[in-house]
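Peer 1: This is the structure I want to talk about, given as structure tokens.
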Amino acid sequence: MKRQNRTFDLIVLVFLFLLASVLGWMRMRQALVFSAVLTTLEISVPPLYLAVSGAVFGISMLAAGVWLWLGLPGYRPLSGSVAILFAAWYWLDRLLLTRSPVARTNDIFILAVTVFFLVFTLAVLAAHPPLHPEGKSLPSPPAPAEEEQYSNGRD
């Protein structure tokens, strides 16, 4: 079977998806571990929201990274959708739930970083050739030598 080449930008994008997945799982874990402390603080969201959103980020980013790395069918729509939905959720969360003016001081910078990563993600997805062309089935693994020997002897 021919080894598939993955470009550097694709490897970086997969790494970023997996990094975001790890951060989501860490958010979930920290929300669960420190839920007693978080309930005593005056935060605008309950710890359960932090845990559930961390799990959603962890699962979706992991799926997008694995799908992209393996080049499974539909990896472009899945990865692009996950990146766009993550950015939208992040900004809705930031704009609607962040009450502290101190936390809002660098909104312009974070907006620029968000736009950069969205453009990077969509550019990599558009430029990367499919690992397995759409419409064609995935290549089947070669048969073991013993099976080939038996099938050749019967024909």
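The values are calculated or read from the model by the stated rules, or taken from the named source; none is laboratory data. Not measured: the values here are computed from a predicted model. Cβ: placed from backbone, ideal geometry, glycine included. Neighbour counts: every protein chain shown. For the accessible areas, the whole protein counts, side chains as well, though only heavy atoms, and no ligand, DNA or RNA atoms are used. Shrake-Rupley method; radii C 1.70, N 1.55, O 1.52, S 1.80 Å.
Peer 1: Just checking, does region 90-100 include any residue being aliphatic (A, V, I, L, M) and in contact (Cβ under 8 Å) with a residue 40 or more places away in the chain?
Peer 2: Looking for residues that are aliphatic (A, V, I, L, M) and in contact (Cβ under 8 Å) with a residue 40 or more places away in the chain, one finds at least one in region 90-100, hence yes.
Peer 1: A further question on this structure: Being open to solvent by 50 Å² or more (accessible area, probe 1.4 Å) and either more than 15 Å from the chain's Cα centre (by Cα) or free of Cβ contacts under 8 Å to residues at least 60 places away in the same chain (or both) is true for just one of VAL33, VAL14. Which residue is that?
Peer 2: VAL33
Peer 1: Report whether or not MET61 is modelled with pLDDT of 95 or more, within 23 Å of LEU92 (Cα to Cα) and open to solvent by 70 Å² or more (accessible area, probe 1.4 Å).
Peer 2: no
Peer 1: Looking only at region 1-11, count how many residues are free of Cβ contacts under 8 Å to residues at least 24 places away in the same chain and in a helix (DSSP H, G or I).
Peer 2: 2
Peer 1: Okay, next question. Please go through region 71-84 and pick out each residue that is part of a helix (DSSP H, G or I) and surrounded by 14 or more Cβ atoms within 10 Å (Cβ to Cβ).
Peer 2: Once the filter is applied, which keeps residues that are part of a helix (DSSP H, G or I) and surrounded by 14 or more Cβ atoms within 10 Å (Cβ to Cβ), region 71-84 yields TYR75, ARG76, LEU78, SER79, GLY80, VAL82, ALA83.
Peer 1: Looking at (1) within 24 Å of the chain's Cα centre (by Cα); (2) surrounded by 18 or more Cβ atoms within 10 Å (Cβ to Cβ), can you tell me which one LEU38 breaks?
Peer 2: With (1) within 24 Å of the chain's Cα centre (by Cα); (2) surrounded by 18 or more Cβ atoms within 10 Å (Cβ to Cβ) applied to LEU38, the lone miss is (1).
Peer 1: Quick one: count up the residues across region 91-127 that are assigned to a helix (DSSP H, G or I), open to solvent by 80 Å² or more (accessible area, probe 1.4 Å) and closer than 19 Å to SER53 by Cβ.
Peer 2: 4
A quick yes/no check of all residues on (1) of a type outside the set (Asp, Glu); (2) closer than 18 Å to ILE59 by Cα:
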site	(1), (2)
TYR75	yes, yes
LEU78	yes, yes
ALA83	yes, yes
ALA87	yes, yes
ASP93	no, no
VAL102	yes, no
ILE108	yes, no
